[in-house]
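The values are calculated or read from the model by the stated rules, or taken from the named source; none is laboratory data. None of the values given here were measured: they were computed from a predicted structure. All Cβ positions, even for glycine, are placed from backbone atoms using ideal geometry, and neighbour counts span all protein chains on display.
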Amino acid sequence: MALRVGISYGPPRGSFPNYHRAVIEAGAQIPGGVETVDLAAEPDAVGAIDALLLSGGPDVEPARYGKPEYAPLCSLDPQRDEAEFRALAAAESRKLPILAICRGAQLLNVAHGGTLIPDLPDIAAMHHTAQGGVDRRHPVVIDDESELARIAGSSRGEVNSSHHQAIDRLAEGFVVTARADDETIEGFEWAQPEGKPFLLAVQWHPERLDFSRSLGADLFSRFVSAARA
């Protein structure tokens with residue numbers, strides 16, 4: 001039987017098909033293969049998935065982390081927020097593996113009590129916000145002792161970037177595992193992973209990276225492997 005990976009929001013338009021492609025390619029060698037489920041279209045399917053991918057997209061409502069005054073600077077989708085917070089809670093109650101990407105990483109942090117920088121200062125945005133629809137590229141430094149470093153096989157790498165928000169205060173229970181040169185948080189995971197399901201959050205878009213890169217394809221391979229375990 002195929003593994004079922006739920007994608008929190010993955011309609012067949014724009015760049016969202018990249019999430020489906022990345023997961024399916026990562027599971028190509030697994031007996032039975034992998035199938036993806038768009039939880040935005042099938043919210044009740046969260047009870048029948050083997051892993052959850054929190055995808056990128058618009059901003060998390062600032063009122064959820066105590067900064068409602070920043071709402072005019074944000075692109076918001078309250079219905080999507082509500083659906084994804086519910087999907088995350090359901091996945092965590094079932095102890096499913098979780099991969100959180102860009103907005104997904106921010107939502108995960110907020111769900112656990114962390115906060116966000118609602119709008120990066122101009123000097124940081126120059127390195128992190130897409131221009132003309134093209135992702136920025138910048139280096140990251142990775143904690144040698146982290147799961148992310150074990151996946152990447154390195155303590156440095158280059159990633160793509162397309163965001164104007166970022167993690168501010170990291171929620172209790174998590175630890176920073178990657179930063180950009182300007183100290184922007186680029187990755188986090190469990191601080192004490194023993195006895196917990198796989199969890200990896202990254203600020204970049206591995207589904208849009210060249211799949212020969214360890215910070216792209218290898219993240220999905222590890223995620224799918226965790227779902228199979």
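Being in contact (Cβ under 8 Å) with a residue 40 or more places away in the chain, part of a helix (DSSP H, G or I) and not acidic (D, E) is the filter here; which residues of the range 1-51 pass it?
Step one: list which residues in the range 1-51 are in contact (Cβ under 8 Å) with a residue 40 or more places away in the chain, which gives 3-10, 15, 18-19, 21-23, 25-27, 30, 34, 39-40, 43, 45-51.
Subsequent filtering for residues that are part of a helix (DSSP H, G or I) retains 18-19, 21-23, 25-26, 43, 45-48.
Result: N18, Y19, R21, A22, V23, A26, P43, A45, V46, G47, A48.
So which residues in the range 152-171 are outside any loop (DSSP other than H, G, I, E, B) and either closer than 20 Å to Y65 by Cα or without any contact (Cβ under 8 Å) to a residue 12 or more places away in the chain (or both), if there are any at all?
Of everything in the range 152-171, those that are outside any loop (DSSP other than H, G, I, E, B) and either closer than 20 Å to Y65 by Cα or without any contact (Cβ under 8 Å) to a residue 12 or more places away in the chain (or both) turn out to be A166, I167.
Output yes when any residue across the range 140-154 is surrounded by fewer than 20 Cβ atoms within 10 Å (Cβ to Cβ), modelled with pLDDT of 95 or more and of a type in the set (S, T, N, Q), and no when none is.
no
Look through the range 188-220, keep the residues that are of a type in the set (G, A, S) and at pLDDT 95 or above, and return whichever of them is nearest to I151 (Cα to Cα). So that I can check it myself, show each step before the final result.
Here is the first cut: in the range 188-220, the residues of a type in the set (G, A, S) are 191, 195, 201, 212, 214, 216-217.
With the extra rule that they be at pLDDT 95 or above, the set shrinks to 191, 195, 201.
Values: A191: 17, G195: 19, A201: 13 Å.
My answer is A201.
Out of the residues in the range 52-69 that are under 18 Å from G113 (Cα atoms) and out of contact with any strand residue (DSSP E or B) (no Cβ under 7 Å at 6 or more places or on another chain), which is surrounded by the most Cβ atoms within 10 Å (Cβ to Cβ)?
Among them, the one singled out is P62.
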